[in-house]
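Derivation of every value follows stated rules applied to the coordinates shown; laboratory data play no part. Quick caveat, the model's predicted, so the values are computed rather than measured. Note: ideal-geometry Cβ built from the backbone for every residue, glycine included; neighbour counts use all protein chains shown.
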Amino acid sequence: MKISNPLSLPIFVSLTLFANMYSAAQNANAAKPRQVKPTLVAYEKYIDDKMDAHLKEFIELVSIPSISSIPSNKPDVAKAGAWIVNKLKDIGMTTAQLIPTNGNPVVYGSWNKAPGKPTVLIYGHYDVQPVKESEWNNPPFSPVLKDGKIFGRGASDDKSGVMTTIWAVEAMLNKDGKLPVNVKFMFEGDEEIGSPYFKAFLEKNKELLQADFALNADDGQYDENIPAMTLSLRGSVQLQFTVKTANIDAHSGQFGGKTPNAVLAMSQIIGSLYDKLGNVAVEGFYDKVVPVTSAQKETIKKIPYDPAKDMALLGTTAETGDPAYSPLERTWYRPTLEIVGMQGGYTAAEGHSNIIPGNAMARITCRLVNNQTGPEIIDLIVKHINKHCPVGATVTYQFKPGFASPVTLPADTKEYKYVSDVLSEIYGKQPLQLASGGSVGAMLYIKEILGLLAYPLGFELADEKWHASNEFFRVSSIRKGQLVYCNYLQHLADEESKLKK
């Protein structure tokens with residue numbers, strides 16, 4: 001594959017030095033899995049031999065600021081998609097193309113030269129979250145390799161999922177000249193804004209996307225040594241609203257004491273959204289929430305969760321939420337309403353302006369569960385805000401397109417077993433069954449429109465600062481992820497062949 005933006009000499013030297021250290025670690029069996037089938041040894045060697053080249057590729061892709069929520073970054077999203085298409089062509093996929101949507105394009109690639117064999121559809125996304133550059137130790141789109149980690153926006157969520165799957169297919173095609181099954185890639189460019197155009201894309205391309213099995217590469221493991229499968233995801237919906245009390249900001253001395261303050265009004269509205277326990281005080285918000293089941297409680301008991309680790313990771317000093325529910329119950333099975341951003345008044349890094357703000361803005365993200373839908377929840381919140389808007393203030397709303405629905409996957413299917421089998425083999429232990437407080441809007445659409453259960457198979461880890469500053473991905477996970485995917489594709493072919501006999 002041609003590299004359009006060659007790495008600078010310092011980065012190239014650091015990569016070379018890392019490759020030498022990495023090879024030494026491999027000789028000491030430092031990062032090898034517990035067990036690798038003899039038939040997979042050739043893939044393992046290819047993965048190790050190509051690590052340096054793959055790291056350079058990864059750094060180039062992560063360098064592209066494919067932020068889907070900022071309109072001015074739309075060309076960058078398209079650039080990232082085109083980069084992936086070129087990579088798919090380079091490894092020998094039968095087809096590789098960008099498919100337009102009403103938003104950003106979907107990357108589609110297929111290898112269909114295994115007649116009579118099953119087809120696996122692999123989902124991921126190549127768009128990323130916005131950044132606050134001042135909070136990064138290094139520029140977020142100038143990735144840095146340090147201590148076996150690649151730091152950069154999207155390195156973990158989810159360009160790792162995109163590239164790990166592609167490299168695994170590359171290894172198998174390079175060593176065998178073929179794949180044991182047919183493979184289709186489907187990488188979305190709007191996941192970070194709730195996949196508002198993905199349902200229409202699936203409906204329009206239903207025949208093209210026909211498959212027998214599906215995987216979601218936008219997921220992770222419990223930690224470096226414990227595998228996991230996420231079987232439940234919350235949904236999400238967003239809302240932005242603005243409070244206006246005046247046409248302009250006012251002099252606080254001349255007008256203070258008689259003029260309404262937009263930031264104060266916003267604070268009063270936000271305060272009204274919660275009760276003293278931190279529950280959402282919006283009327284009807286919990287009406288459709290199904291109580292946490294005994295089976296879900298039993299699942300949580302099997303998870304080695306330590307709240308102190310989360311607090312240490314984030315630097316928090318207290319845990320919030322209704323004590324009637326455990327932390328994982330609140331995160332996995334209860335809905336939330338979070339203020340994800342606020343702005344009003346003079347907020348520059350330096351200086352002090354004595355004003356009464358005339359405008360204030362807030363952004364809300366709700367995580368949804370069970371039977372909740374985005375439009376219903378937004379309607380309840382709007383009614384609440386209108387009811388609690390202080391005198392002298394007016395509210396306007398900006399509604400985000402689409403919403404992600406909650407989704408649950410069963411653990412008693414052969415699709416689940418195939419993924420569980422390979423994780424068990426590589427990690428040496430059965431995967432934990434997890435739920436997630438996060439959302440992947442595409443999962444329910446894949447289930448409803450394509451009739452496929454997209455089981456999770458990703459390698460992000462919880463401490464890798466998704467959506468936050470200094471996001472990173474472990475180089476060891478690049479290696480392990482490829483081994484798992486090679487193992488999975490071969491295992492799937494073997495098991496399905498047995499069923500036909």
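Worth pointing out:
- Helix-only [θ]222 nm of the chain, DSSP H runs n ≥ 4, -39500 (n - 2.57) each, per residue, nearest 500: -11500 deg cm²/dmol
- Rounded to two decimals, the Cα-based Rg/Rh of segment 257-365, with Kirkwood Rh, is 1.09.
- Across all C-alpha atoms in segment 224-319, the radius of gyration and Dmax reach 21.4, 63 Å.
- Convex hull volume per residue for the chain, taking Cα atoms only, in Å³: 162
- Summary value for the chain: 24 percent relative contact order, contacts being C-alpha pairs under 8 angstrom separated by 6+ residues.
- Simple spin-label estimate for E133 and A82 in nanometres, 7 Å along Cα-Cβ: 2.3
- Computed log₁₀ I(q)/I(0) - Debye formula, equal Cα scatterers, no solvent, segment 161-264, q 0.21 Å⁻¹: -1.31
- Site pair A324 and T413 shows an inter-label distance of 3.4 nm when each label is modelled 7 Å from Cα along Cα→Cβ.
- For peptides 177-189, 308-320, 219-231, sequence by mean Cβ density within 10 Å, most packed first: 177-189, 219-231, 308-320
- Counting only alpha carbon atoms, the long axis of helix 475-500 and the longest principal axis of the chain meet at about 60°.
- Percent of Cα-Cα distances greater than 19 Å, calculated over segment 108-178: 51
- Against the chain, whose longest principal axis is taken from its Cα atoms, helix 9-27 shows a tilt of about 60°.
- Spatially proximal lysines relative to K400 (Cα-Cα < 25 Å; intrachain offsets below 8 disregarded): K74, K79, K132, K159, K199, K204, K244, K288, K383, K387, K447, K465
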